[in-house]
Every structure is written in C-alpha cells, then in structure tokens.
Amino acid sequence: MSARSRAAAAACAAALLLCAGCSGKPPVLSRVFGRVIYAHDSATSTNTETLGVFLVASDPDGMENLSAFYVINDEAELFWKVDSTTWVTSNAEGETWIGTTSLAMPGTTPIPPGEYRVVLQANGGATVEETLTVPSRAVSAVDAKYPTAVIENGLIKVSGAAAGYEIWVYGKDGKFAASFPSTGASSPVSLQTIEASAPPAGGFTFRVFAWNPGAGYGVLSAPYPSGK
C-alpha cells in the first residue's frame, strides 16, 4: 500500500476512535457476512475480483439513522467506506440486510486474506463493530470456471459446474430488484415469473451467481439482457 493510502487508513481509524465516544444510541449489528466474488463480464470477456460485505443491521432511531459502514484490514492497512447512499438494501426472512458487492483492490491485485473489522456507524457518530474472515484462495479470477446463461423460448437456462445458482435481476437503472434460484439447465427460470414477481420498468438485465464454499469464492457472470 502507498504512503498516501496508509495515511488515509490512519486518518479513518482515528476518526472512528473519536466517533466511538460521541453521544447517541449505538446501532445494532446482528450479523456480518462477507465473500470474495470473481466476476466475468460476458460483453468484454474480462475477469475481476471484488469483496461483497453484507450486514443485518438496525438502529433504535430507524434505518435512516445509519450513515455508513467501514471494512478494515488492520494488518494490510486497508479500508473501504460504504455510504448509506450507495449500499444495497434487501429483506429476507424478516431481516434487513445492507451491503455492497463492489469492494475492490487497485488494478488486478487480489483481495488479501485475513481478518477484517466491519464498523457500522450512525448519524452522530455512534458505532458498533464485528469481524469477518476472508479465506485464502488457490484459484484466481482468471482461472475460475464461470457459469453461462441463454434465453430460449422465454426461459433463462443456466449451465455450469455448480449444483445451484442465483439469478440476480437488475432494472434498467442498475438497481437490484430480486434474486431467483436455479439448479441449472434442468430448472430454467421464466421471464414471465421474473416480470410478475419483480417488474422492473422498461425491461431488465440479470447476472448469474454460484457460491463455491470449499474454494472460498463465488463466481458471477454478467451482464445478460432480458431481450425486452
């Protein structure tokens, strides 16, 4: 890491320490989930590596009182700030998740393995902290095997080596709309089902995701147009 980046990381850490003493009710951080994602761009045939981090979070003063969360690797002197205006919010099984899938290193540098602190901050400066571990990976984004998808007769058919997939749907504005499970070509997902369940105005694009728990990373292929 450059001297400039180390200085920025030190400044961020100092600011968080100061904010820890600020007044205000602390937010609640129930769970933290992180995973490395290898992404293949089907349009450009390029591969990238990102870190996705999601939190089950709440605040006594309401979700709108949450301002940002920080992902920090102290050993690597590395940090990211995710502002409330940029994170994704979703609800699953009665829980509210906030997070991002786009944390990345400069260039093609891989995400360092190790322990990361996740610090959730509310307006006024109150914070709460949990940790997550990024595992070492034996396979790089360049060498990973990615799923593919085609649309035939109104059905999205996914092919690949994984046992199961998720089809992530996005509106034309780029905002996440919904996720649909698939076990591959034998269980295609219909465009009609997507449009009825999560109808993005003006059509949509989708991505295909599969998680490889043994290897410590997931693979994502995108973007695919809906054809409408």
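The values are calculated or read from the model by the stated rules, or taken from the named source; none is laboratory data. The structure displayed is predicted, hence computed values, not measured ones. Counting neighbours? That spans all protein chains shown, and the Cβs are built from the backbone with ideal geometry, glycine included. Calculation scope for accessible area: heavy atoms of the full protein, side chains included, ligands and nucleic acids excluded. Shrake-Rupley method; radii C 1.70, N 1.55, O 1.52, S 1.80 Å.
Against the test of being hydrophobic (A, V, I, L, M, F, W, C) and not in a strand (DSSP E or B), the options 82, 139, 118 yield a single qualifying residue, 139. Taken together, the criteria exclude residue 50 from residues that are under 17 Å from residue 106 (Cβ atoms), open to solvent by 60 Å² or more (accessible area, probe 1.4 Å) and at pLDDT 80 or above.
Filtering the stretch 59-81 to residues that are open to solvent by 50 Å² or more (accessible area, probe 1.4 Å), under 13 Å from residue 120 (Cα atoms) and modelled with pLDDT of 95 or more leaves only 81. Among the residues of the stretch 135-156, those identified as of a type in the set (A, V, I, L, M, F, W, C) and touching a strand residue (DSSP E or B) at 6+ places or on another chain (Cβ under 6 Å) are 141, 142, 144, 149, 150, 155, 156.
Summed over the stretch 57-81, the residues that are within 17 Å of residue 100 (Cα to Cα) and over 21 Å from the mean Cα position of the chain (by Cα) give a count of 0. Within the stretch 188-228, if we keep just the residues that are on the phi < 0 side of the Ramachandran plot, assigned to a loop (DSSP other than H, G, I, E, B) and out of contact with any strand residue (DSSP E or B) (no Cβ under 6 Å at 6 or more places or on another chain), the residue that is most open to solvent (accessible area, probe 1.4 Å) turns out to be 228. Scanning the stretch 125-136 for residues that are more than 26 Å from residue 208 (Cβ to Cβ), not in a loop (DSSP other than H, G, I, E, B) and not β-branched (Val, Ile, Thr) yields a count of 2. Would you call residue 227 out of contact with any Ser or Thr (no Cβ under 9 Å at 6 or more places or on another chain) and over 30 Å from residue 76 (Cα atoms)? Yes. When the stretch 114-127 is filtered for residues that are open to solvent by 40 Å² or more (accessible area, probe 1.4 Å) and either out of contact with any strand residue (DSSP E or B) (no Cβ under 8 Å at 6 or more places or on another chain) or among the hydrophobic types (A, V, I, L, M, F, W, C) (or both), only 124 remains.
Return yes or no: is residue 111 over 21 Å from residue 40 (Cβ atoms) and either surrounded by 19 or more Cβ atoms within 10 Å (Cβ to Cβ) or out of contact with any Phe, Trp or Tyr (no Cβ under 9 Å at 6 or more places or on another chain) (or both)? It is false that residue 111 is over 21 Å from residue 40 (Cβ atoms) and either surrounded by 19 or more Cβ atoms within 10 Å (Cβ to Cβ) or out of contact with any Phe, Trp or Tyr (no Cβ under 9 Å at 6 or more places or on another chain) (or both). If you check 90, 84 for being of a type outside the set (A, V, I, L, M, F, W, C), surrounded by 13 or more Cβ atoms within 10 Å (Cβ to Cβ), under 24 Å from residue 56 (Cβ atoms) and touching a residue at least 24 places away in the same chain (Cβ under 8 Å), only one passes: 90.
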